[in-house]
Amino acid sequence: MISTSPSSSRASPLPPDERRAALIASTLALILAEGPDVSTRQIAQAAGVAEGTIFRVFATKDELVKAAIISAIDSTPLIRDLTAVDRTAPLRARLVAAVEILQHHTTHVFRLVDALGAEGVTRIAREGRAERGEEDCDPHAAIRQAIVNLIVPDRDLLRCTAPEAARRLQLLTVAGSHPKLVEDDPLPPAEIVSMLLDGVRRRHDDDHLLPPETPDHETPRGDPQC
């Protein structure tokens with residue numbers, strides 16, 4: 001006989017790590033939508049749990065809000081996803097995948113900066129790295145290197161170094177994704193990559209783009225990076 005008691009229809013409790021992740025995800029979504037002054041009642045409703053469940057995982061609401069913000073600005077998942085991109089795929093496909101990953105991460109960061117201010121986000125990011133024992137880690141350098149690694153297999157196709165191509169890809173991604181610049185209409189990743197490759201990929205007509213040879217008696221201005 002099948003029991004019809006209320007308890008039989010309840011979902012099984014989540015394991016502690018999954019429950020923590022669910023609370024963080026719900027809190028982050030609320031912060032991005034409404035700012036940091038969200039209530040534990042709102043968080044509990046969004047997460048589908050009792051309000052008391054929050055305090056069995058986090059000591060205070062502030063601790064949960066901080067964990068949610070750190071989760072959004074933590075570059076570890078970003079670097080992991082960039083590293084997982086198939087390096088045997090064509091260059092264009094690799095870079096489109098990289099831009100998609102970058103856009104997803106930077107959009108959250110931009111929205112948090114709007115909600116909390118740049119100083120607040122920077123402070124919390126620093127505290128998060130300290131709690132993980134990563135005070136000396138430069139996340140920007142690690143992100144750049146992950147992009148460089150995606151470009152290196154085809155560096156001979158480019159008219160600039162892989163690090164410079166990675167820098168330009170990041171600049172184009174930020175410019176094409178920042179809400180205040182694109183007015184809620186970000187450039188598609190494929191278009192961002194097309195803009196980059198049309199500017200740095202080696203072409204058969206490069207000769208007419210090169211500057212004239214510098215006479216021996218003139219001082220060269222220095223070779224550009226690209």
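What is the Cα coordinate range of the stretch 57-105 on the first, second and third principal axes, sorted by size from largest, in whole angstrom?
Extents along the principal axes: 48, 16, 11 Å.
Report the trypsin sites (Lys or Arg not before Pro) located in the stretch 61-93 that are in a DSSP loop and have at most 15 other Cβ atoms inside 10 Å of their Cβ, or state none.
Sites meeting the loop and neighbour criteria: 87.
Just to be sure I understand the model, the point goes 7 Å from the Cα along the line to the Cβ. What's the resulting residue 118 to residue 141 distance in nm?
According to this spin-label approximation, the distance is 2.2 nm.
Just to be sure I understand the model, the point goes 7 Å from the Cα along the line to the Cβ. What's the resulting residue 42 to residue 181 distance in nm?
Those two pseudo-labels are separated by 3.0 nm.
Can you report the principal axis dimensions of the stretch 113-184 using only the alpha carbons, biggest first, rounded to whole angstrom?
42, 37, 13
Over the stretch 76-134, how many percent of alpha carbon pairs lie in each 5 Å bin up to the one with the longest distance?
4, 17, 19, 18, 18, 11, 8, 5, 0
Would you kindly give the portion of the calculated P(r) for the stretch 35-160 that falls above 21 Å, as a percent of all Cα pairs?
Percent of Cα pairs beyond 21 Å in the stretch 35-160: 53.
Throughout, read-outs are computed from the coordinates displayed, never taken from laboratory work. These numbers come from a predicted model, not from an experiment. Every residue, glycine as well, gets a Cβ built from its backbone with ideal geometry; the counts of neighbours run over all protein chains shown.
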